[in-house]
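*Asks:* Okay, handing you the structure first.
The values are calculated or read from the model by the stated rules, or taken from the named source; none is laboratory data. Quick caveat, the model's predicted, so the values are computed rather than measured. Every residue, glycine as well, gets a Cβ built from its backbone with ideal geometry; the counts of neighbours run over all protein chains shown. Side chains included, ligands, DNA and RNA excluded: accessible areas come from the protein's heavy atoms. Shrake-Rupley method; radii C 1.70, N 1.55, O 1.52, S 1.80 Å.
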Amino acid sequence: MRIQEIAKLAGVSASTVSRVFSHHPNISAEIRERVFSISREYKYHPRLSAKQRNVVIITPYRSAYPVQCCVEMILMALTVELPRRGFRLEILPHDNLERLDSIQFCAAAAIGAEPGDFGYWAGRFCAPLVIIDRDVKEISPEVYVVRSDEAQGMELAVSHLYECGCRKIGCIIHGAPGTGNAGVRHDAVCSFLRDRGLPADDSLVCFGRDEEYLELVGNLLRRKVDALFCPGGIGGILAAHALSLFGRHIPEDISIVASEQTFFSRYGTPPQTTITPDYGAMASAVADVIETRAGGGRMPSRTVLPYLLIRRQSVRSV
C-alpha cells in the first residue's frame, strides 16, 4: 500500500498523511486517529524520515527508588551512544507526555516506566518506542523492549555465593511485589536456591524498602545466614550499613553481593561484589532499534541482554 492510497481512504491529502506520520503538531486528533487506524488495518508501516534525528528520552518525573539508580546509569549510557550515531536527545519527564503531540521526533525511549503506561502508543504515533529494563507481555506495533535477563542475573549472584561456600543465603529484594522487576527477581532467587538444595522460604527471601533494611538484616542474622544478596536500588549500601550497626564484618562474618552502583560500589569497605546490567550494550541495542527502523528495516520486538558479575572483596572464598 502507498501513502496516496491511505490518503484516499482517510479522505485527506497525501501531504496530510505525511504530516501525521512525521508527528506534525498542526494535525487534529481526529485526523491523526483516522490515518493511524487505516494504517493499522492495512498493516502499513511508514518509512521514518532519515532527516529526522530527534529522540525523546522519557524519564520518571520525580526520584523513584529503586528505579532511579538504574535510570541514571541507563541515561548516562544513552547520552554517549545516541549522539555518537548522530541523534539529538530531548529529555521528557513522564508527567509531561502531552508534549509528544507538539514535537517532531523519530523515536522515543522510556526508562523506569511501567509498560501499561504506553498502551495508547500504536494509536497515536508511528515512531518506535523502546521500553528499557521492563518486559511487556503483549507488544503493540512499533513498541520494542530492551531489557536485562533478570533470571540469569539472579542465578549469577546465587551461583557465585554458592561456589564461594555460602550455604544459607538471605536475600532482600529492593522494592515491593508487583512493581518493576521485584516479583521476577523473587521467583528466580527462590528457584535457584532450591535447585542447589538451599533453604528458600519467605523468612530468607523477602522484599524491602529503604527504611526496612535494618530490621530485615537483623531478622536474617537471627536466621544465621552466611551471605546476603541485595538486588535492586541501593540495597547493598543499606545492608552494609545495617551489618556495621550489628557489629558484623564483611566478608569475615558475612558475604554480600549487591546491584552495581557506579559511584558507590567500588568505594565500599570493603568494595562490593555486584551484578550489573551491561549498560553499554543496552544503549547500543536501543540505538540499533532506532537506527534500523529509521532506515526502514525490521527489528525483533524483544532484546534480552545478560547481566555481568563484578568481583570485588565482599565475598569470602572457602
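*Asks:* Averaging the inverse of every distinct alpha carbon separation and then flipping it gives the Kirkwood radius. What is it for the chain, in angstrom units?
*Replies:* One decimal place: 21.3 Å for the Kirkwood radius.
*Asks:* Now, a different point. In whole angstrom, how far apart do the alpha carbon centroids of the stretch 102-130 and the stretch 187-208 sit?
*Replies:* Answer, in whole Å: 36.
*Asks:* So, in nm, how far is label Ser301 from label Asp95 when the simple model puts each one 7 Å beyond its Cα toward the Cβ?
*Replies:* Rounded to a tenth, the inter-label distance reads 3.3 nm.
*Asks:* Give the percent of DSSP beta bridges with both residues in the chain that are antiparallel, rounded to the nearest 5.
*Replies:* Bridges in the chain are about 10 percent antiparallel.
*Asks:* Run through every distinct alpha carbon pair of the stretch 139-280 and return the Kirkwood hydrodynamic radius in angstroms, one decimal place.
*Replies:* In the stretch 139-280 this quantity evaluates to 15.3 Å.
*Asks:* Check Val143: other-chain or 5+ apart residues with amide H under 5 Å from its amide H, H built from backbone geometry?
*Replies:* Leu129
*Asks:* Give me the percent of accessible area attributable to carbon and sulfur for the stretch 205-255, probe 1.4 angstrom.
*Replies:* 54
*Asks:* Right, another one. Roughly what angle does helix 235-245 make with the longest principal axis of the chain, taking Cα atoms, 0 to 90 degrees, to the nearest 10?
*Replies:* On a 0 to 90 degree scale, this one is about 20.
*Asks:* Oh, and also: What FRET efficiency would be calculated for the residue pair Gln152, Thr79, taking the C-beta separation as r and a Förster radius of 22 Å, to the nearest 0.05?
*Replies:* After rounding to 0.05, the efficiency reads 0.25.
*Asks:* Quick one: with all protein chains in place, what share of the accessible area of the stretch 62-142 is carbon or sulfur, to the nearest percent (1.4 Å probe)?
*Replies:* Of all accessible area on the stretch 62-142, carbon and sulfur atoms account for 51 percent.
*Asks:* Report, by chain and number, residues whose modeled amide H sits under 5 Å from the one on Ile256, excluding near sequence neighbours (fewer than 5 apart, same chain).
*Replies:* Residues meeting the amide H criterion: Leu228, Val315, Arg316.
*Asks:* Can you give the relative contact order of the chain as a percent, counting alpha carbon pairs under 8 Å and 6+ residues apart?
*Replies:* So the answer I get is 19 percent.
*Asks:* D for the stretch 211-318, whole µm²/s, Stokes-Einstein with Kirkwood Rh over alpha-carbon pairs at 10 °C and 1.306 mPa s: what number?
*Replies:* Calculated translational D: 101 µm²/s.
*Asks:* Springs between alpha-carbon pairs under 10 angstrom, Gaussian network model over the chain: which of Pro277, Pro60, Pro231 fluctuates most?
*Replies:* Pro60
*Asks:* If we count GluC sites (Glu not before Pro) as exposed when they sit in a DSSP loop and have at most 13 other beta carbons within 10 Å, what is the longest stretch of the chain that avoids them all?
*Replies:* Counting at most 13 other Cβ atoms within 10 Å as exposed, the longest clean stretch of the chain is 1-137.
*Asks:* Under a no-solvent Debye model with one identical scatterer per Cα of the stretch 174-230, what's log10 I(q)/I(0) at q = 0.13, 0.19, 0.22, 0.27 Å⁻¹?
*Replies:* -0.32, -0.70, -0.92, -1.25
*Asks:* Of Leu97, Leu204, Leu89, which has the largest mean-square fluctuation in a 10 Å C-alpha GNM of the chain?
*Replies:* Among Leu97, Leu204, Leu89, the largest GNM mean-square fluctuation belongs to Leu97.
*Asks:* Once you place label points 7 Å from the Cα toward the Cβ at Met1 and Thr179, how far apart are they in nm?
*Replies:* 4.2
*Asks:* What does the accessible area per residue of the stretch 195-262 come to in Å², with a 1.4 Å probe and no ligands, DNA or RNA counted?
*Replies:* In whole numbers, the stretch 195-262 has 44 Å² accessible per residue.
*Asks:* Return the aspartates and glutamates within reach of Lys8: Cα separation strictly under 17 angstrom, same-chain partners fewer than 8 residues apart disregarded; answer none if there are no such residues.
*Replies:* Glu30, Glu33, Glu41
*Asks:* In a GNM of the chain with a 10 Å cut-off on Cα contacts, which of Ile173, Ile250, Ile290 has the highest mean-square fluctuation?
*Replies:* Ile250
*Asks:* For Arg40, Arg53, give me the order by solvent-accessible area with a 1.4 Å probe, most accessible first, ignoring ligands, DNA and RNA.
*Replies:* Correct descending sequence by accessible area is Arg40, Arg53.
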